[in-house]
1. Rounded to the nearest 5, what % of the DSSP beta bridges within chain A are antiparallel ones?
2. Quick one: if you stick a label point 7 Å off each Cα along the C-beta vector at A:Ala2 and B:Asp392, how many nm between them?
3. Normalised by the residues of chain B, what does the relative contact order come to in percent, with Cα pairs under 8 Å and at least six apart?
4. Given R₀ = 51 Å, FRET efficiency for B:Glu416-A:Ile38 by Cβ-Cβ distance, to 0.05?
5. Using only atoms on other chains, find how many Cβ atoms lie within 10 Å of each Cβ of peptide B:213-226 and report the average.
6. Length gain on complete extension for the stretch B:Asp276 to B:Lys16, per 0.36 nm per residue less the alpha carbon to alpha carbon distance?
7. Return the distance in nm (one decimal) between the two label points of a simple spin-label model at A:Asp107 and B:Ala375, each offset 7 Å from Cα along Cα→Cβ.
8. Could you calculate the FRET efficiency of B:Gln355 with B:Arg159 from 1/(1 + (r/R0)^6), where r is the beta carbon distance between them and R0 is 30 Å, rounded to 0.05?
Amino acid sequence: MAIMTIALPKGRLLEPSVNLFRGLGYRCALGEGSRRLIGEEPTGDTRFILAKAEDIPVYVEYGAADMGIAGQDIVRESGRDVYEPLALGFGHCRLVVAGPAGLKGRDFRLASGLRIATKYQRLARDYFLSQGISVEIVRLYGSIELAPKVGLADLLVDVVETGRTLRENGLVVLQEIMPCQAALIVNRASHKLRLAQVSQLVAAIRRNIPVEG
Amino acid sequence: MDLGKAHLGRLPNGVKDLFGEAAARQVWAERTLEATFAGWGYSNVVTPTIEYYDNLALGVDSQVRGMTYRFFDREGHTLALRPDITVQIARLVGTKLFGEPLPLRLCYIANVFRYGELQSGQQREFTQAGLELIGVDTAEADAEVVTMSVVAFQALGLREFQVSLGQMAFFRALVAMGPLGPVGLARIQEAVNSKNLPALRQILREEGLNGEAGRALEALPSLCGGREVLAQARRLSPNQAAHIALDRLARVYDLLAVYGVADRVILDLGEVPGMDYYTGITFKGYARGLGFPLLSGGRYDDLISRFGTALPAVGFGLEVERCLFALGETGRPLSLPPHLVVGGVWGAPVLALVQELREKGLRVEMDVLGREERALAAYARERGARGTLISDGDGRLALVEPSGRRAITRETLLAEAMTWQS
């Protein structure tokens, strides 16, 4: 039987993801200051790989990993064709439209040529299009809060956990697009070719989730 | 204007030249599939590369319509490069072949064009090999076509694959119970297709589907596995249509066991693709390590009628390049070495012998360089041949193998050669 590969995301979801698998008895020897990107279990039947959060859906869609953990925001944004059987009950955040407090309550349908700074191009475009608002998307890779402050964009679309970074930059949440949490995603072929193994693991993970969302 | 020169000698993104081993693999795969289909009584149809867009649009879903290359003829009609062959066959049968004795067994190997992302061996021009069994709506027809999908994979030498088999009629029976608009239906379909249980639960709540149909829909993502799935689904079936859909699926699954391919088939009632196309069973083929299906098919009883004559049909299309990609991944060598290289001094009797070997299915290469025995045997070894046959011009033959050289008669060679085919 070929080895099962599970992809975990760098960043804020890594620690709870590692804890999840350790709770199931895996060693999950990844990260923690080391630069190791691949950690094989002593049993030899499973290995964990560490990838950039945005890349997890790609690894899983292509079958480089049988399954992985990624934020729902990232799965939606990627548009990748994967199974998404579980919401994992951690990594809660919200995808929101934010901007200067002065814009609170504004009807954006009346605005023309709104510029939106975001790393969520697809989700931002779809959200505004679904309301009949045409916008210009400015794709940024980080420090999105900066864009409205320096006139690069009118608004931003990003995920927020507590909203502290927004507040510290004088911005407020204007609209919520969707709530997000971490999700388990599974490769379509792996699901068919190793059905028993995959369903067992999914069931075990499900039992370890406090409250399924 | 110098713009054109930047493209000189280059190809646009999404198309490619094939040569050497890659070309050999491609041609080999196409021929293998063609021979396999022919063996089950399917005859070739060849359809045009361009058609009126309106024809093609009748039989492909909105996603594929959005990926279709379109252009105009001189009269201003919209033409398109075919993005799919099944729709062309539906047109052909609906407008021309409807009077032929039924069932019709048609197959094709053809290039199609889609302006999409390049992924896993699939370019914007790619090859589909497929077949359609037209004019009958029986479990026997369904089972033959699903079996053919397994047989096609096996003919290509794929080892780690699974076909997942669903039943669109079951899904249709469930969603017909609720007051669903097209948007709600599409949301449910997407959540089921991605086995996204949390999202599915939420949508069912929002759409007010909380009765029997709701419970059955919620179970769809987990109705996946062997025969036991049928019993689970039966307990959840809310109406007669759902029972009929399951009866058909059970009958097909039984027949697949008779065909000896049931171990290659997983039942998955949560595969619910193409609402505007499939009416009965649907199936997809997956190979280990590739998240994209290598093959998809199903029963489409309403498509041919869009072109004039109502005829039920079931079929599949296989993505040749993706299969080759998957074969590469599993490391199976695809090159086809000759069984025998023949040289020395030869005339008509030797050629007659060679022809006889070829007719028995062996690959035989004639030396056309006049090489010495030693050089020819070295070449044969390099090509991976079983042996080298040397004719001395006086009717005597010698077979050079890795184990040594020996004289051999025509009859012994013919008998031995039969054991070389794998």
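Read-outs throughout are calculated quantities, based only on the coordinates presented, and are distinct from any laboratory measurement. The model shown is predicted, which means the values in this text are computed figures rather than measured ones. Note: ideal-geometry Cβ built from the backbone for every residue, glycine included; neighbour counts use all protein chains shown.
1. Details: 24 of 40 bridges.
Approximately 60 percent, going by the DSSP bridge assignments.
2. 5.4 nm
3. Details: 702 pairs, mean separation 67.9, N = 422.
That works out to 16 percent.
4. Values: r = 50 Å, r/R0 = 0.97.
Efficiency, rounded to the nearest 0.05: 0.55.
5. Working: counts 0, 0, 0, 0, 0, 0, 0, 0, 3, 4, 0, 5, 3, 1.
Average neighbour count from other chains, rounded to a whole number: 1.
6. Working: separation 260, 0.36 × 260 = 93.60 nm, distance 3.26 nm.
Full extension from B:Asp276 to B:Lys16 adds 90.3 nm.
7. Using points 7 Å along Cα→Cβ, the separation is 8.9 nm.
8. Numbers: r = 34 Å, r/R0 = 1.14.
Efficiency, from the Cβ-Cβ distance: 0.30.
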